[in-house]
Each structure stands twice: as C-alpha cells, then as structure tokens.
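Participant: My questions will all concern the structure given below.
The values are calculated or read from the model by the stated rules, or taken from the named source; none is laboratory data. All values reported here derive from a predicted model rather than from experimental measurement. For neighbour counting, all protein chains shown are included, and Cβ atoms are generated from backbone atoms with ideal geometry for every residue, glycine included. Keep in mind that these areas ignore ligands, DNA and RNA; they rest on the heavy atoms of the full protein, side chains included. Shrake-Rupley method; radii C 1.70, N 1.55, O 1.52, S 1.80 Å.
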Amino acid sequence: MTAGSARTSASAERLRQWAPLLVLAGLCVLIGFFNTNFYSFGNLVRLLNSAAIPIVLCMGATFIILMGSIDLSVEGVVALCAVIASLLVANDVNQVAIGLAAVPVALALGGAMGFANGWLHIKLKTPSFMTTLGMGFVGLGIATAILAGLTVRISDQTFRYLSLGRVFGIPMAVWIALASFIVAYVIQERTRFGRWIYAIGTDEVTARQAGIPIERTRILAFTLAGVFAGMAGVLAAAQFGQGCALIANGRLFTTVAAIVVGGTALSGGVGSVVNSVIGVLIVVVLANGMVLMGIQPYVQQGVQGLLIIAAVALALDRSRLAVVK
Amino acid sequence: MSDFFKGGAMRRRTFLKGAAGLAAAGAAGMTFPGLARAQTEGWTLANSLRSVANPYHATFAKGGEDFAKSVGLPYEVLVTEGNSEKGIADIKALLQRTGGKLILNVDPNDSPDARVIVEEVKKAGGYVVTQWNKPDDLHPWDFDPNYVAHMSFDGVPTAEAIANALFSAFGGEGGIVALGGILSNVPAIERKLGLDNAIAKTGGKVTLLDFQPADWNEQKAFDIMQAWLTRFGDQVKGVFAANDGMGMGALEALRQNGLAGQVPVVGIDGIDAALAAVEAGEFAGTVAWDPTWTGSMGLAIPLAHVAGKIDIAKEPKEHREFYGTGIIVTKDNIAEYKANPPKVDYNDLWGKATGQIQYRG
C-alpha cells in the first residue's frame with residue numbers, strides 16, 4: 001500500500017467517524033437558516049424533551065446491536081412497564097398508590113423481560129430477532145389483557161414530575177436521559193462487560209476462544225436493555241399521564257433508525273452509545289425542522305428516508321465488509 | 001381503517017355498570033320479547049374488529065358480548081390485528097364451523113375486504129353487517145337478504161361542529177394548528193374536510209397556520225405540537241386534532257410549556273382522558289361515539305331478521321346504509337353527559353341512526 005492511499009483511507013476513516021455529527025451540524029445550520037427560532041432556548045429544551053425517551057431506549061438497544069443481535073421487544077416491554085407503573089401509582093382503576101416506588105418495580109419488570117429475552121435466545125438457541133419479536137408480543141398481549149384494551153389515567157403528580165418537573169429550566173425527563181447516557185457510557189468504556197460486547201460483535205468465535213463468557217454477557221446485555229426499556233416505560237407514562245397498550249407505538253422503528261443513523265453497524269462491533277445519542281438527535285432535529293421549515297407533510301417521510309440512507313452511507317465502515325447482503 | 005380510536009368512548013366503570021344492567025334486563029327476558037326461540041336456536045353471533053388493544057374496539061367487543069348474553073346465544077370475537085388476510089381467513093373458518101348459521105358484525109380491516117366477506121357470508125347463508133369500511137359501490141340491497149346493513153359515522157359535519165366549538169373557545173378570531181390522521185384513511189379525509197368547511201365559514205377570521213398528519217399517534221402529535229410552539233409561538237390560539245389520542249399528545253406538549261388550559265384543544269372519539277380534559281377546561285370539546293351501540297346493533301338487526309321480526313329486504317335504504325350519532329361534548333354538557341351515558345335499547349333498531357350514507361365525489 002502506498003503512503004498516499006494510506007493517507008486517503010485514514011482521512012476517510014476520520015470522515016466516517018465524524019459523519020453523524022457533521023450530518024447533525026449540517027441539519028442545524030440548514031434549519032436555522034429557514035427559521036431562527038430553531039436556536040431559541042425554548043426550542044432547545046423542546047428538542048431535548050422529544051429526544052429523552054428515545055435516548056433512554058437507545059442506550060440499551062445499542063449494546064444489543066453492538067453484539068450483532070437485535071431487540072424487537074422494545075414496544076412490548078415499554079408498554080407493559082408503562083401500564084404496570086400506571087397501575088401502581090395513584091390512578092383511576094385501582095386503589096394502589098405506592099408513588100415513586102413504582103419506578104424500581106417497572107425497572108425490575110423490564111429487566112426480567114430482558115433477561116427472558118436473553119435466556120431464551122441463548123438456551124433455546126433461537127435467533128434474537130424471533131425471540132425478542134415474540135417477547136414483544138407477549139408484553140403487548142399482557143398489557144392489553146390487564147386493561148381489557150382500555151387506558152389507565154395517572155393522578156399521582158409526584159410521579160408525573162418525572163417528566164413535567166424542571167430543574168434549572170430543563171425537564172426531568174432530560175436529566176433522566178442524561179443519567180441513562182452516563183450509566184451506559186461508563187458500562188461501555190469502563191467495564192469488562194462493555195469490552196466483551198465489542199469482542200462478541202466483532203468476532204464471536206475469537207471471543208469465545210479468548211475465554212469471554214459469551215452466554216452470560218449476552219443474557220446480561222438483554223437484561224440491561226430491558227431495564228432501560230423499563231425506564232422508558234416509566235417516562236412515557238409520566239409524560240402522558242396514562243398507561244395503555246399502545247403507548248409505545250412507533251418506538252421500535254425510531255430506536256433502530258436512530259442507532260443506525262448514529263453510525264452503529266447492524267452487523268455488530270462498530271459504534272457506541274455516543275453515536276446513538278447523536279443518531280437520536282438527528283432524527284428528532286429532522287422531525288422538528290421539517291415542521292419549522294414548513295415542508296409539505298406529503299414529502300416529509302421521503303426526506304426522512306433519504307436522510308437515513310445518506311447517514312448510513314456516510315457512516316458505514318466498508319473496510320471490514322467482505323460482502324454486502 | 002379505524003386506527004384513530006386510541007381511546008375509550010365511555011368511562012369504564014359506568015360502562016360496566018350499564019352493561020351489567022342491560023345483561024340483567026336481557027336475562028329477565030325483557031329484550032326481544034316476541035322472539036321465537038326456535039328460529040334463533042343454533043345461530044352464533046360474532047364481532048370482527050382490528051384489535052382489543054384499543055378502547056374503541058374493546059368497548060365495541062363488549063357491546064356485542066352483552067347483547068349475546070341478553071339473547072342467550074354463543075358469541076365470538078375475531079381480531080384482524082391489522083391483517084386483512086387473517087381477518088378473512090378467520091371469518092371463513094367460523095362460517096365453516098357454524099355451518100353458515102353465523103351473524104357477523106364486522107369492521108373490515110380495509111375497504112376491499114368488505115366485498116370478499118359479504119360474498120363469503122352470502123355463499124354460506126349467514127348474515128353480515130359491515131362498519132366504517134366498504135367500497136362505495138358495494139350495497140347491502142345488492143346482496144339481499146344476507147348483507148343486512150352498513151353502518152358508519154359522518155366525519156364531515158362532526159369535524160365541522162367540533163371545530164366550531166374550538167373557535168368559540170378562543171373567541172372566534174386567530175390562528176389554529178391541526179393534526180390529521182393517516183392521509184389515506186377515509187375518516188381522516190372527512191375530518192379534514194369538515195375542518196376546512198368550518199374555517200371557510202368564518203370568512204377569514206380563523207386561519208389554519210399549519211396542518212400535519214400525526215398518523216393517529218399520540219407521540220407524533222406531541223413532537224409536532226412542540227415544533228409548532230417554536231414556529232408559531234403565541235400565534236396558536238387553538239389546536240384541532242382529528243382524534244382524541246393526538247389531542248392528548250398535543251395537550252401534554254402544551255402542558256410541558258405551561259400552556260395547558262390556555263390554548264384550547266379539541267379531539268374526536270370521546271375517550272376517558274379527553275372527557276376528563278374537557279372537565280378540567282383543557283379540552284374545548286370532543287365527540288363521543290357509541291361503540292356499545294355499534295357493537296350490539298350490528299348483531300341485533302340481523303338477529304331480528306332471523307327471528308322473523310323484520311324482513312330486511314323490505315326495509316328502506318336509510319335502514320340499510322346509515323350513519324350513527326356522535327355527541328358533541330363540551331364543558332356546557334359534560335356533566336349531563338357523564339350523568340347519563342348513552343344507553344342502548346336493543347329493540348329500537350334504528351333509533352340512533354341519523355340518515356342514509358352520502359358518497360362524496
């Protein structure tokens with residue numbers, strides 16, 4: 001390899017790493033050009049508010065995708081956790097009112113569903129795609145059955161403070177998303193578990209030969225994703241003041257799209273939770289920006305699709321790509 | 001296509017109470033008093049709908065169940081889960097199992113499904129009522145007597161009425177934003193048309209700042225409302241939502257910005273949360289459908305034919321293709337509405353029908 005081509009590939013590599021951030025910055029400049037309100041503090045807060053739940057969801061889901069697996073149970077887990085949390089705080093269906101103690105219960109429930117995902121996937125050797133899809137349906141089914149298809153309304157204002165409350169002018173949900181990000185980042189960067197996830201995603205056979213406990217790591221990653229989904233369920237319930245089986249409708253697509261747009265490869269081993277946060281911001285800024293710029297509703301979906309393709313094309317590391325499937 | 005029902009049309013407890021009362025009345029033999037037992041013996045009743053995960057269809061299914069109990073016939077609920085193939089296959093299987101002695105009340109997953117379903121039911125000798133979705137050129141009277149009726153709700157006048165309630169809530173002058181359903185859905189199109197009519201009649205006093213489809217999705221409505229607050233700020237005097245679910249999403253976005261109760265919102269469906277918001281002064285109004293009625297009357301009318309009480313082929317067209325009644329609920333009548341939730345009289349087959357279905361352009 002000549003020195004020249006090495007330099008080119010090194011700069012291509014740098015571009016690839018920075019691509020999601022460049023896309024985000026480009027979008028912000030473009031939208032601000034059309035509507036200067038975009039940069040207002042009020043809009044910044046609104047953007048972060050819209051990004052909060054997707055960020056929490058992406059933190060867990062990124063680990064799964066880094067392993068080269070996928071978690072399709074997101075909507076089912078979020079819905080069931082939201083419904084259970086709603087039924088445990090002051091509400092209009094039952095007399096239970098355990099207040100904020102409902103939060104750890106929801107997290108534990110999410111974790112249990114995630115554990116079930118991982119355990120079934122490993123022990124039955126079923127693809128994560130099918131296992132988690134099934135678990136998602138189970139979650140939606142239970143959420144539907146519990147409420148017989150109806151909605152439970154929350155009257156506990158302390159619980160709703162988790163979304164509506166503000167600290168330093170920033171909504172609680174955003175702080176919780178920030179905390180989730182820090183937890184995920186520390187796990188990714190500072191723990192053996194975090195490194196193992198990359199090792200498994202890069203090459204599972206080598207990782208196994210290196211003595212990495214593949215099965216335990218996989219089950220733990222799914223459990224962790226479940227806990228994050230449980231937190232998202234709590235935030236969704238607090239945001240809308242209600243729990244219902246349909247509360248997470250559309251969340252799965254946003255989550256996976258944001259992770260991929262952020263530059264995490266579906267093939268595993270490449271990416272990070274930082275990328276996922278940028279990915280969420282790209283998706284949220286784009287949705288917000290299209291309304292601000294007054295783009296016709298009829299073309300919005302098309303623009304979104306083009307952006308996803310563009311972001312993935314920019315961010316994809318092709319050096320490890322032997323074949324394109 | 002009735003994706004837009006994200007919420008319940010009635011308070012759950014009042015509904016359960018009412019249902020228990022009706023069931024008791026049925027058990028006492030008050031309903032269908034002249035019904036010759038032998039004629040209806042062996043028939044099965046069934047409601048086919050999208051999913052019991054949404055309050056509208058859950059209440060719809062319960063309405064059918066209560067009616068079935070009142071007449072002492074077996075009852076089945078079939079769910080399509082948004083899949084036309086599954087919906088039709090399940091209906092065929094049930095026709096097979098009941099040997100054609102099936103009374104089916106169906107909300108077809110998509111308009112074209114209605115024709116297939118009607119043909120299958122006719123072939124098997126059963127009876128069918130369709131709700132909401134059917135092709136415009138498919139009429140009950142062309143399949144006498146098996147295709148008993150088609151029931152729907154007229155979105156145009158309903159949306160116009162609720163839009164007017166919104167306008168008067170903010171003084172009748174200023175800009176509004178509007179959230180629509182999935183662009184290709186018939187109810188979404190009708191409701192947009194009703195809104196446009198209402199705006200046109202204000203003679204420029206009310207302007208539509210922006211219209212965005214939020215696909216009947218609460219979360220999407222929340223995000224769009226947030227962006228609108230950035231784009232239009234205090235120019236937004238009111239929010240029109242084509243269903244309550246999206247209205248609730250917009251309301252929560254307003255609440256996050258300290259504007260709940262200051263910028264009025266209207267929705268359609270009459271779900272619990274929307275009724276509570278009307279009481280709290282955060283919603284200027286909603287439209288309450290009556291899924292207990294659609295769920296039971298779609299079975300009661302064909303059963304009356306089977307029992308020989310009526311001859312459906314001799315009924316006028318406005319009894320074969322008709323609109324149900326939506327009740328506009330605002331702060332002025334919410335107390336009365338909640339005190340007297342809609343009741344269903346199984347013997348008054350067309351009491352709540354409001355005219356023959358119109359086909360627009």
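Participant: Under the rule of -39500 (n - 2.57) per DSSP H run of 4 or more residues, summed and divided by the residues of chain A, what mean residue ellipticity at 222 nm is obtained, to the nearest 500 deg cm²/dmol? Before the final figure, lay out each step's value.
Facilitator: On the way: 13 runs with 236 residues, N = 325.
Mean residue ellipticity, 222 nm, calculated: -24500 deg cm²/dmol.
Participant: So, with a 1.4 angstrom probe, what is the percent of accessible area on the protein assembly as shown that is carbon and sulfur? Before the final figure, lay out the partial values.
Facilitator: Numbers: 16310 of 26590 Å².
Roughly 61 percent of what the probe reaches on the protein assembly as shown is carbon or sulfur.
Participant: Can you compute the equivalent ellipsoid semi-axes for the stretch B:248-306, i.e. the square root of 5 times each eigenvalue of the Cα gyration tensor, sorted largest first and rounded to whole Å? Write out the running numbers ahead of the final one.
Facilitator: Working: eigenvalues 261, 14, 10 Å².
Its equivalent ellipsoid spans semi-axes of 36, 8, 7 Å.
Participant: Here's another thing I want to ask about it. Give me the lysines in straight-line cross-link reach of B:LYS205: C-alpha distance below 22 Å, same-chain residues under 8 apart excluded.
Facilitator: Excluding near neighbours in sequence, the set is B:LYS192, B:LYS237.
Participant: A plus B alone minus the pair: what accessible area, both sides summed, probe 1.4 Å, in Å² to 100? The partial results should precede the final answer.
Facilitator: Details: alone 15590 and 14200 Å², together 26590 Å².
Looking at A and B, the buried total is near 3200 Å².
Participant: About the Cα centre, and with charges only on the beta carbon of Lys, Arg (+1) and Asp, Glu (-1), how big is the dipole of the protein assembly as shown? Nearest 20 debye, please.
Facilitator: Here the size comes out at about 1740 debye.
Participant: Right, another one. Using a Gaussian network model on chain A with a 10 Å cutoff between Cα atoms, which of A:GLY76, A:GLY165, A:GLY211 fluctuates the most?
Facilitator: So, out of A:GLY76, A:GLY165, A:GLY211, the one fluctuating most is A:GLY211.
Participant: Rg (Å, one decimal) plus Dmax (Å, integer) for the alpha carbons of the protein assembly as shown?
Facilitator: 26.8, 97
Participant: Distance in nm between label sites at B:VAL116 and B:PHE143, each 7 Å beyond Cα in the beta-carbon direction?
Facilitator: Rounded to a tenth, the inter-label distance reads 1.3 nm.
Participant: What distance in nm separates the simple spin-label points at B:THR207 and B:ASN333, each placed 7 Å from Cα in the Cβ direction?
Facilitator: 3.3 nm
Participant: Also: Local charge sum around A:LEU100 (other residues, Cβ-Cβ under 14 Å, Lys/Arg +1, Asp/Glu -1)? Walk me through the intermediate numbers first.
Facilitator: Working: positive: A:ARG160; negative: A:ASP156.
With Lys, Arg at +1 and Asp, Glu at -1, the net is 0.
Participant: By how many nm would the segment from A:LEU124 to A:PHE137 lengthen if fully extended, with 0.36 nm per residue of separation less the alpha-carbon distance?
Facilitator: On the way: separation 13, 0.36 × 13 = 4.68 nm, distance 1.82 nm.
Between A:LEU124 and A:PHE137, full extension yields an extra 2.9 nm.
Participant: Let me ask you something else. Please identify, among A:THR36, A:THR131, A:THR255, the residue showing maximal mean-square fluctuation in a Gaussian network model of chain A using a 10 angstrom Cα cutoff.
Facilitator: So, out of A:THR36, A:THR131, A:THR255, the one fluctuating most is A:THR36.
Participant: Taking the alpha-carbon distance from B:LYS62 and a cut-off under 24 Å, which lysines remain once sequence neighbours fewer than 8 residues away in the same chain are dropped?
Facilitator: Counting by Cα, and skipping residues close in sequence, B:LYS62 has these lysines nearby: B:LYS6, B:LYS17, B:LYS86, B:LYS92, B:LYS101, B:LYS134, B:LYS338, B:LYS343, B:LYS352.
Participant: Suppose every Lys and Arg Cβ carries +1 and every Asp and Glu Cβ carries -1, with no other charges. What dipole size does chain A come out with about its Cα centre, to the nearest 20 debye? All intermediate terms of the calculation are to be shown ahead of the outcome.
Facilitator: Working: 19 positive and 10 negative charges, 109 e Å.
So the magnitude is around 520 debye.
Participant: Related question: To the nearest whole percent, what portion of all C-alpha pairs in chain A is separated by more than 36 angstrom?
Facilitator: 21 percent
Participant: Return the FRET efficiency for the residue pair A:GLN301, A:ARG14: r is the Cβ-Cβ distance, R0 is 35 Å, and the value is rounded to the nearest 0.05. Write out the running numbers ahead of the final one.
Facilitator: Details: r = 32 Å, r/R0 = 0.92.
Once rounded, the FRET efficiency stands at 0.60.
Participant: With a sphere of radius 15 Å drawn around the Cβ of A:TYR298, what net charge do the other residues whose Cβ falls strictly inside it have (Lys, Arg +1; Asp, Glu -1)? Before the final figure, lay out each step's value.
Facilitator: Values: positive: B:LYS192; negative: B:ASP210, B:ASP215.
Here the count lands on -1.
Participant: A further question follows. Going Cα to Cα from B:LYS314, which aspartates and glutamates come in below 16 Å? Please leave out same-chain ones fewer than 8 positions away.
Facilitator: B:ASP142, B:ASP144
Participant: Now for a different question. Where both residues lie in chain B, what percent of DSSP beta bridges are antiparallel, nearest 5? Walk me through the numbers before you get to the answer.
Facilitator: Values: 4 of 42 bridges.
Antiparallel bridges make up about 10 percent of those DSSP assigns within chain B.
Participant: Run through every distinct alpha carbon pair of chain B and return the Kirkwood hydrodynamic radius in angstroms, one decimal place.
Facilitator: Details: mean 1/r = 0.0479 Å⁻¹.
Result for chain B, one decimal place: 20.9 Å.
Participant: Let me know the shape class of the stretch A:1-128, please: from the alpha-carbon gyration tensor, a ≥ b ≥ c as square roots of the eigenvalues, rounded when a/c is under 1.5, otherwise prolate if a/b is greater than b/c, or oblate. Show your work: numbers first, answer last.
Facilitator: Values: a/c = 4.24, a/b = 1.41, b/c = 3.00.
Because a/c hits 1.5 or more and a/b fails to exceed b/c, the stretch A:1-128 counts as oblate.
Participant: Within a Cβ distance under 12 Å of A:MET135, other residues only, what is the Lys/Arg minus Asp/Glu net charge?
Facilitator: Numbers: positive: none; negative: A:ASP71, A:GLU75.
With Lys, Arg at +1 and Asp, Glu at -1, the net is -2.
Participant: Before rounding to the nearest 500, sum -39500 (n - 2.57) across all DSSP H runs of length at least 4 in chain B and divide by the residue total; then give [θ] at 222 nm in deg cm²/dmol. Display every interim value, and only then the final one.
Facilitator: Details: 12 runs with 154 residues, N = 361.
Only helices count here, giving -13500 deg cm²/dmol.
Participant: Subtract the Cα-Cα distance of B:LYS86 and B:GLN39 from 0.36 nm times their separation in residues, and report this length gain in nm to one decimal. Mind showing how you got there, number by number?
Facilitator: On the way: separation 47, 0.36 × 47 = 16.92 nm, distance 3.11 nm.
Extra length available between B:LYS86 and B:GLN39 comes to 13.8 nm.
Participant: Given the stretch A:96-150, what whole percent of its Cα pairs are spread farther than 17 Å? Don't skip to the answer; put the middle values down first.
Facilitator: On the way: 745 of 1485 pairs.
The answer is 50 percent, as a whole percent.
Participant: Towards the positive end of the charge dipole of chain A, with charges on Cβ (+1 Lys, Arg; -1 Asp, Glu), say which of A:VAL260, A:GLY271, A:VAL174 has the farthest Cα.
Facilitator: Going by the Cα projections, it comes out as A:GLY271.
Participant: Moving on. Percent antiparallel among DSSP beta bridges with both residues in the protein assembly as shown, to the nearest 5?
Facilitator: Numbers: 9 of 47 bridges.
Here the share of antiparallel DSSP bridges comes out near 20 percent.
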